Amino acid sequence: MPINAGYEYVAAEKKYLQAITLEEKIASLEEMIRAAPKHKGSENLLSELKTRLKKFREKQEKNKKTGKTTKKGIKKEGFQIVLLGPTKSGKSSLLSKLTNAKPLISPYPFTTKEPEIGTLHFQGVQAQVVDLPSIGSEYFDIGIINTADLIITVVERLEDIEKSNSFLTRATGKKIIVITKADLLTLEQQRKIEATLKSKKINGLLISSTTGQGLEPLKEKILLSMNIVRIYMKEPGKPHSPVPVVLPEHSTVKAVAESIRKGFSATIKETRLTGPSSKFSNQKVGLSHVLKDKDIVEFHT
Ligand SMILES: Nc1nc2c(ncn2[C@@H]2O[C@H](COP(=O)(O)OP(=O)(O)O)[C@@H](O)[C@H]2O)c(=O)[nH]1
Ligand SMILES: [Mg+2]
């Protein structure tokens, strides 16, 4: 990096690149500004960051005024997943397992009155997860289902899928069916459900929020539905970054460079690539090379 940024700056920048909500973006940008090198050569960078921060703060103010966000700030930023299903099917429990959110979980119906939001962090990727008030609840809001990127239908029984489907007629996002409370079923019952899902070609799986069964495979399915690639950065002679840059599928080397900083690709003299899209390790590639998930990219400027 020509501005000679320290580790803290790079870490803050990674957070920024992965931030989903406006609040997260502002927080990580503030960190970047704090950690940015303060010398002649970095003046431009600093002023650019400050301008960006100002814009985000203005946007935040505007959102507050126009009431564009709900009380809880539900706003589609980044990849959005909604949990849909009848009351007591285990949506809030699943939210608390997938994310940092601490929703109210109870044996009583219609406990969730407002959408609860959490952020799923998985292998360097983030997604916003929204736990909707249950179908049939007076608080149920169908609008968000139509625009979500992924709808996870959460049911206790296969027969309940049908009912939820009627809410998906205008939904454009991908779909996953989750059958919950697997821990209450015998192995034989579980096997039957899995066989049915398979024979009906339903993109679904059994989970248990109590035992954790099926949660990792569910996260894998979520990741697959996101149509993204995770690209790891590497500096010569060092291990690659622990956190990837996340980009849409079929992104090029140039897109990765530009995601680090606008105009960065123009400063690159050579790119070395190791991973699924390279023919051999440390392959020299051009800016138009199309990347695959888990590629490791090394830029020489
Ligand atoms: N045994 C078992 N109970 C569960 C599981 N997930 C949720 N529950 C229980 O089911 C009830 C409803 O759960 P909740 O997450 O509030 O459902 P929601 O109404 O869909 O949000 C609560 O009593 C939970 O403890 C699970 O995987 N196994
Ligand atoms: Mg709930």
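Throughout, read-outs are computed from the coordinates displayed, never taken from laboratory work. These numbers were taken from a predicted model, which means no experiment stands behind them. Counting neighbours? That spans all protein chains shown, and the Cβs are built from the backbone with ideal geometry, glycine included.
Pairs with C-alpha atoms separated by more than 22 Å, drawn from the list K174/K221; K201/K292; K181/K219, are K201/K292. Only helices reaching 27 angstrom along their own axis (Cα) with mean Kyte-Doolittle hydropathy no lower than 0.5 count here, and not one DSSP H run of the chain does. Database remark: amide H of M233 closer than 5 angstrom to the amide H of S241, V245, V297 (H placed geometrically; neighbours at sequence offset of 5 or more, or on other chains; Pro and chain starts carry no H). From most to least packed by mean Cβ count within 10 Å, the peptides 117-124, 236-243 give 117-124, 236-243.
Neighbours of S225, meaning other residues whose beta-carbon lies under 13 angstrom from its beta-carbon, give a summed charge of +1 when Lys and Arg score +1 and Asp and Glu score -1. Excluding same-chain neighbours fewer than eight residues apart, the aspartates and glutamates reachable from K284 by a Cα-Cα span under 15 Å are E235, E270, D295, E298.
Of K14/K55; K102/K294; K38/K238; K234/K269, which ones are farther than 23 Å apart at the Cα? Before the final figure, lay out each step's value.
Working: K14/K55 20 Å; K102/K294 31 Å; K38/K238 25 Å; K234/K269 15 Å.
Beyond 23 Å: K102/K294; K38/K238.
Counting only GluC sites (Glu not before Pro) that DSSP places in a loop and that have at most 11 other Cβ atoms within 10 Å, the longest clean stretch of the chain runs over 160-301.
Which order do the peptides 271-280, 175-184 take when ranked by the mean count of other beta-carbon atoms within 10 Å per residue, highest first?
Descending packing order for the listed peptides: 175-184, 271-280.
Candidate cross-link partners of K59 among the lysines, defined by an alpha-carbon separation under 17 Å and a same-chain spacing of 8 or more, comprise K25, K50, K68, K71, K72, K75, K76. Relative to one another, the C-alpha centroids of the range 172-239 and the range 256-300 are positioned 30 Å apart. When each of Y9, Y108 is scored by the number of other beta-carbon atoms lying within 10 Å, the sequence from fewest to most is Y108, Y9.
Quick one: dipole size for the chain, taken about the Cα centre, charges +1 on Lys/Arg Cβ and -1 on Asp/Glu Cβ, in debye to the nearest 20. If you can, show how the numbers build up before the last one.
Details: 50 positive and 33 negative charges, 135 e Å.
In total the dipole reaches around 660 debye.
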